[in-house]
Each structure stands twice: as structure tokens, then as C-alpha cells.
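A.B. asks: Sharing a structure below in C-alpha cells format, with a few things to ask.
Just so you know, all these numbers are worked out from the coordinates, no wet-lab data involved. Because the structure is predicted, anything quoted here is derived from the model rather than measured. Here the Cβ positions follow ideal geometry from the backbone for every residue, glycine too, while neighbour counts run over all protein chains shown.
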Amino acid sequence: MTPLFAPSSSSIRPSEAGGIITTATEAKLFLHQREYNETIISLAPDASVLLRQAGHDVLELEDVITGFTHARILVRATAYLDTIETRLLNLGWYPGEIEAVRIFLFNFIPPLLLLQKALATCSKTDLSIVIDGALLSGQSRDDAFQKLAEQISGSFGALLPRTQYNQLHARFCHLANRLILKLIGSRPTIYQLDHATPFTWRVSNLLADGRPDTAIVSVRHPGKTLIASLRRTLKSLAAAASNPQKRKEIRLFRASSLPRPVPVQASSLPCMIDGAPILDEAIRRGIAKYLPRIQHDNDAGAQLAQLHQPNVVVLDHLIQPSVIRAAQDFAERGIPSIMINHGSDTFQANRLANLGAALWARHGRLNMPGLDTLLCKSPLTSALPPVVLKNAPAIQAINIGTPYRQAETKGSDFLVVMAGNYRELHGHVPFVSETPGEYLRGLLEFARAAAQVGGLRLLIKLKPKKTGLPLDWLAETLSGDEFNGQVQVDTATPFKTLFETMDLLVGNNSATLQEALDNKVPLFLNTWRRQYCHFPARMTPPEGRDRAAAYAVKHADDLVPMLSAIRDCHEERLSSAELSGLVWKPEDLSTTHDYLSHALDPQGG
């Protein structure tokens, strides 16, 4: 079997790489269309496996970037985003449009900087890349960068409406909104500004407990067709006319009846960043590509805010232009707002790590303008708002879900579950998240150590459709003698089932980690570079009853003694004392429940 991450041939220097591949799909096209005998830079482990199995020399992204690369990208991206926002404000752009552009660039600039670093290892002037299913040869580094940047920029459709509707469709949606609101009448109204999520629905129902006649509304984009919007309207009219105590969701539309803005050329946009013309051009091209759609969706948010004023706005993710604009307009009119922290962002004692945590939180997760109340899933989130927001919202507690029951009987092995926490190129968040290759290298280090600890079983929980990792290769590798049958990949078992039996959860940066603590399951914070810990972690093995809720190591050599000690000391789940400061107390959650239940009550709100 071809080894993954095998060292490159000693005769091959990184500067001799003559091609760059970013996905497994590109690798397949590359191998199908051309015989190639030069080193290829691969930005995804699943692509690396395909290329190596075909006999190619591969230089992994993780061999050309370092922890310093992450730190530098983090600092540069933060500075660029702030600079661009200031320049657009000075040019008189509307704040809602600027925020939407900033959300797009938060997702776009870090991958560009990572791509630049990879391309900087290539000295050749005739690079080969795959673009839109075609192999392009003879590309300079600058040409390759611009073409790959354009391809990466197509990955952010979730930031915009999926459907393209015409003015007739939009006018129908506005008429539907007026009819629905007429049926609602003077009843108190809660707006879930985006589509309902389990968290916004739970919070909205608690709010409605104080006023049984409250209408709970979710606001969405038009349907794919006019007929689809008509069907949604009929359902919402029926829900608005039904008994309010049945708590049926009522849907309104976010739609703009204004003409669509004309396309813009990148050359017509001002310089966004100084001293980096190639990067600036890619950024301007990306903005130009999305700006008309951003402006049109921004108009949809403005028209929604003009239509009706709810009693309170609830949301947990603020990334789409129409939601951003409506949120800003409602805030200016004094409408109370409640935001649930979308992830489990945690304040970091290390300044660089906290810069990374704040950067992620600032873009979609803690960015509600004029926010009144922030519901945090972790007590460690409560220190982030002063770093991220211009105002200081009230902090309330919320748990991720109902605690799972611990299984009465479980296997004899100490069950360790590893979560698949990594982000591919188009979703790269520097310093606080790992690339697929970094995650895989850390996974293999951890798995080799786990296989040396008797009575321990490691289950690696991965999503079956998530790309970036070579799942078949990984499963075959882990079945080898080196791992003693103690390590398996699982893509089918629900986490709910695993929470009932697991003894330790391994991960990096995920709300699942907080959920484990809420269920009194200890954590091991595993990253390949070992420079970021999502929670305060103990670096020395536990002894007897001297335990911790979270652990990490500074070196891979420390994994075996650490895991052995955790196995011996954590037969029982964590105590309330051991979880102090990491999970909400019952009285914190009761306070939130009381607050939400009376927020709409004229006497208690």
C-alpha cells in the first residue's frame, strides 16, 4: 500500500513543484488528462492518496506551511478586513453592504493567503492546474493564483439566496407578507430573521410562554418557483389563523422588488489593500462577482424592515445580506434582539489564540448590531463580546441540548471518540482550525498512541460525505497490525448514541466539545501543531482523584502516558466541581428560562 505523507525524494526540492491540486476531484481529472512526472503540491489528503497511488511525487501543503504561517495569515487577514471596512465606509457604502462584503472576505482572504503560501514554493513558470474540469498548463504563479482564486470564490453560495426570483415573484411575496401580517394583527410577534433552527425555535417558544397569543415567525427567501412560494403562503396563512397556543411556525419572505443591480467590473472598484497588487486584484474580482447579488439581497432586508416591526428579533447566524440589513434596521429602531452564539467560541488567555477566536466569532457568530442579549453555550464565551462587539449585551446561559442518559451497561474497553474537526481550503480559519492534512496527521499520531494503551478503543467519528480525507485509505491503514484492532472509523453511528457510552471525547474546535462537557465527559484537545486549545487544558497526566475536565500534550511522545493515566483515572464521569467554570450551573439556566419566559410580558419584560 502506498504510504501517505511519505517523505519526498531527496532529489526533489519544493521549488521544483510544477503543479498544484486543491481537491480529489481535480486530482482525478489531472490523472485522466495528462502523463506527468514532476512534483505536485497537494492541498488535500484525499488528492494526495490518488496522486501517490498513480506514482507521482507529492508535496503536501502541511510540508510548506508552519504554525508561523497560521499566525501570519491570522494577523494579515484581521488587518486586511479592518482596512477594507474602513475604506468602504469612507466611500459611503451602506453599512449592511459593507458587513456582507466583510463576511464574504472573511471566508475568502484566509484561503487566498494559504494558496499564496503554497504557490510561493513553486519557482517554475509553467505550472499546471485544473480549473472547471480542464487541465491548464503553462501558467505563471500569478496566473495560477488568479484562476484558483476565482474557483475558490465560487464556494460561498451559502452566503446568498439560492433562488433567483424576478420582480413579479418578489411582488407576490410582499403581498403574501401583508396578508399574513394582517391575520396576525396586533398579536406580539417574534421574528426568527433567518430560517428557524433548533436553537431559535427553542428560544422563541420560551419567549412565547409569557404571551400565549404570540406569533412565531421565520423569515426566508422566496421559493424556487412562484408556485412554491404560493404553497408556503397558504400554509402560513393557515398557521396565522390557527390557535396561537399550537405554536405553528409562520413564514414571511425576504425579497426585493427593486430592479437587480447592474454587474460591476473589478477595475471599477477601489484598491482594497496596499502593497499586495496580486492579492488585491483577486479580492476585487471576488467582490465584483458577488456585489450585485449582495446589493439585491440587502434591498430585500431593507424592504422587510419597512413592512412591520416585531416585538423581538431572534437569530443564531448572521451571514446573509438581507438578514444583516434587516437586523441593522431593526436595531436602529430599537427592536430588542437576542442572538444565540452559533458555535461555542471561547475566550483565550493567549493573545494570538484569542485574536483567532475573536476573528471567527466576529464574522457571523457574534456580530448582531446593537445586540441586547447574547445566549452563550459556554461560560467561556461570555468574555468575547467586549472584544468583538461595540456594545455590551446582557449575557444569558443556554445549553446545547437535553443531557443524554449514560448507558447502564457498557463494554469493558475505555471508549475514546474522536470528532472530525477540520476545515478545507475554502473554509480555512487560521490558527484556531486545522487543514485536512493537519487533522489527519494529528489523527494518526493519536491513533498510534491509543493502540499502545491496553483496554482502550478509539472510534474516529467522521461525516461520510465530508471531503478532504481519504476515508477508504484511512480505514485500510487503521486495520493494519500497528493499530492492534483498537482503532476504527465510524461514519454511521449518531453522536447521541456515542454520548451514552463514550469515556473521552477528542477534538479541536467544535460545539460538540461543549456538549461533551455538558454531559460530564472529559476532553482531550488534539491538534497536530499543538498550538491552540479550545478550553483550558491540563498538560500533565491525572493521578487518582486529581483529575481535570480537559487535557492536552505539548509533544506527541507524551500521548501514551497521558492516555494511560486518563484511562485509569476517568472510569467515572466528571463531577460538578471538576466542571466548574466550563459549563453553566443549573441556576444559570433557570435564570435564562425565567428571563425568556417573561421578556414579552408587559409586567415582566
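A.B. asks: From the gyration tensor of the Cα coordinates in segment 513-605, what semi-axes in whole Å does the equivalent ellipsoid have, largest first, with each one equal to sqrt(5λ)?
C.D. replies: 36, 15, 8
A.B. asks: Between Ile227 and Ser140, 0.36 nm times their residue separation minus their Cα-Cα distance comes to what?
C.D. replies: Answer, rounded to one decimal: 26.4 nm.
A.B. asks: When the helix-only estimate is applied to the chain (DSSP H runs of n ≥ 4, each -39,500 (n - 2.57), divided by the residue count), what is the mean residue ellipticity at 222 nm, nearest 500 deg cm²/dmol?
C.D. replies: Numbers: 18 runs with 245 residues, N = 605.
Helices in the chain give a 222 nm mean residue ellipticity of -13000 deg cm²/dmol.
A.B. asks: Under the rule of at least 5 residues apart or a separate chain, name every residue whose amide H is placed under 5 Å from the amide H of Phe414.
C.D. replies: Here Leu456, Arg457 satisfy the definition.
A.B. asks: How large is ³J(HN,Hα) for each residue in segment 526-538, as worked out from phi by the Karplus curve 6.51 cos²θ - 1.76 cosθ + 1.60 (θ = phi - 60°), to whole Hz, x for Gly and Pro?
C.D. replies: Result, ordered by residue: 10, 9, 5, 8, 6, 10, 9, 10, 5, 10, x, 10, 7 Hz.
A.B. asks: Further question on the same structure: Each label point is 7 Å from the Cα along the Cα-to-Cβ direction; what then is the distance between the points at Arg545 and Lys28, in nm?
C.D. replies: 5.8 nm
A.B. asks: Moving on. Per residue and in Å³, how big is the convex hull formed by the alpha-carbon atoms of segment 145-239?
C.D. replies: Taking the convex hull of the Cα positions in segment 145-239, it is 123 Å³ per residue.
A.B. asks: May I pose another question? Specify the inter-centroid distance of segment 56-81 and segment 416-430, based on alpha-carbon positions, in whole Å.
C.D. replies: Going from one Cα centre to the other spans 15 Å.
A.B. asks: Let me ask something else. Suppose every K and R has +1 on its Cβ and every D and E has -1 on its Cβ; what is the size of the dipole of the chain about the Cα centre, in Debye to the nearest 20?
C.D. replies: 2200 debye
A.B. asks: May I pose another question? With N set to the number of residues, divide the alpha-carbon radius of gyration of segment 189-233 by 2.2 N^0.38 Å and report two decimals.
C.D. replies: Numbers: Rg = 12.5 Å, N = 45, 2.2 N^0.38 = 9.3 Å.
Compared with the compact-globule rule of thumb, segment 189-233 sits at 1.33.
A.B. asks: Picking from Ile278, Leu291, His317, whose Cα lies most toward the positive end of the charge dipole for segment 276-338 (charges on Cβ: Lys, Arg +1; Asp, Glu -1)?
C.D. replies: Ile278
A.B. asks: If I take R0 = 56 Å and measure r between the Cβ atoms of Gln53 and Leu183 in this structure, what FRET efficiency does the formula 1/(1 + (r/R0)^6) give, to the nearest 0.05?
C.D. replies: 0.35
A.B. asks: What's the local net charge at Val388, with K and R +1, D and E -1, over the other residues with C-beta under 11 Å away?
C.D. replies: It works out to a net charge of +2.
A.B. asks: Dipole of segment 148-210 (Lys/Arg Cβ +1, Asp/Glu Cβ -1, origin at the Cα centre): which of Gly185, Ser204, Leu148 lies farthest to the positive side?
C.D. replies: Farthest along the dipole direction, towards plus: Gly185.
A.B. asks: For the charge dipole of the chain, defined by +1 on Lys and Arg C-beta atoms and -1 on Asp and Glu C-beta atoms about the Cα centroid, which residue among Val64, Ser48, Ala327 has the Cα displaced farthest towards the positive pole?
C.D. replies: Ala327
A.B. asks: For segment 418-537, report the translational diffusion coefficient in µm²/s to the nearest whole number, using Stokes-Einstein at 37 °C, 0.692 mPa s, and a Kirkwood Rh over Cα pairs.
C.D. replies: Calculated translational D: 222 µm²/s.
A.B. asks: Turning to a different aspect of this structure: Can you compute the label reach from Ala276? Point 7 Å from Cα along the Cβ direction, backbone N cut-off under 13 Å, restricted to segment 117-156.
C.D. replies: Only 117-118 fall inside the zone, counting backbone N under 13 Å.
A.B. asks: Quick check: convex hull over the Cα atoms of segment 469-509, volume per residue in Å³, rounded to an integer?
C.D. replies: Given the Cα convex hull of segment 469-509, per-residue volume reads 112 Å³.
A.B. asks: Now for a separate question. Nearest 0.05, what FRET efficiency do Gln164 and Asp209 give at R0 = 30 Å with Cβ-Cβ as r?
C.D. replies: 0.15
A.B. asks: Calculate the dipole size of segment 266-315 relative to its Cα centre from +1 charges on Lys and Arg beta carbons and -1 charges on Asp and Glu beta carbons; express the result in debye to the nearest 20.
C.D. replies: Here segment 266-315 has a charge dipole of around 140 debye.
A.B. asks: Going through the cross-link list Lys520/Lys585; Lys182/Lys246; Lys410/Lys496; Lys496/Lys554; Lys28/Lys147, which pairs have a Cα-Cα distance over 21 Å in this structure?
C.D. replies: Lys496/Lys554
A.B. asks: On to the next question. Where Rh denotes the Kirkwood radius from the mean inverse Cα pair distance, what is Rg over Rh for the chain?
C.D. replies: Using Cα coordinates only, the ratio equals 0.98.
A.B. asks: Here's another thing I want to ask about it. Of all the stretches in the chain, which is the longest one without any exposed loop site, taking trypsin sites (Lys or Arg not before Pro) in a DSSP loop (any state but H, G, I, E, B) with at most 11 other Cβ atoms within 10 Å?
C.D. replies: Longest run free of exposed loop sites: 163-332.
A.B. asks: To the nearest whole percent, what portion of all C-alpha pairs in segment 250-326 is separated by more than 14 angstrom?
C.D. replies: Of the Cα pairs, 68 percent sit more than 14 Å apart.
A.B. asks: Let me ask another. Give me the extension gain from Asp63 to Tyr94: residue separation times 0.36 nm, minus the current Cα-Cα distance, reported in nm with one decimal.
C.D. replies: Additional length available on full extension: 6.9 nm.
A.B. asks: Can you give the FRET efficiency to the nearest 0.05 for Leu258 and Glu578, using r as the Cβ-Cβ distance and R₀ = 51 Å?
C.D. replies: With R0 = 51 Å, the Cβ-Cβ based efficiency is 0.35.
A.B. asks: In whole angstrom, note down how far apart the Cα centers of segment 279-337 and segment 445-519 are.
C.D. replies: Measuring centre to centre over Cα atoms gives 39 Å.
A.B. asks: Can you pull the Kirkwood radius for segment 31-101, inverse mean 1/r over Cα pairs, to one decimal in Å?
C.D. replies: By the Kirkwood definition, the hydrodynamic radius is 15.6 Å.
A.B. asks: State which entries of Lys248/Lys390; Lys248/Lys465; Lys377/Lys463 exceed 27 angstrom in Cα-Cα distance in the structure shown.
C.D. replies: Lys248/Lys390; Lys248/Lys465
A.B. asks: From the backbone phi of segment 282-296, what are the Karplus-calculated ³J(HN,Hα) couplings (6.51 cos²θ - 1.76 cosθ + 1.60, θ = phi - 60°) in whole Hz, Gly and Pro given as x?
C.D. replies: Result, rounded to whole Hz: 5, 5, 5, 5, x, 4, 4, 5, 9, 4, x, 5, 4, 5, 5.
A.B. asks: Still on this structure, please answer the following. Compute the length gained on full extension between Glu16 and Gln406: take 0.36 nm times their separation in residues and subtract their Cα-Cα distance, giving the result in nm to one decimal.
C.D. replies: Full extension of this stretch gives 134.9 nm more.
A.B. asks: How many angstrom lie between the C-alpha centres of segment 553-569 and segment 95-158?
C.D. replies: 40 Å
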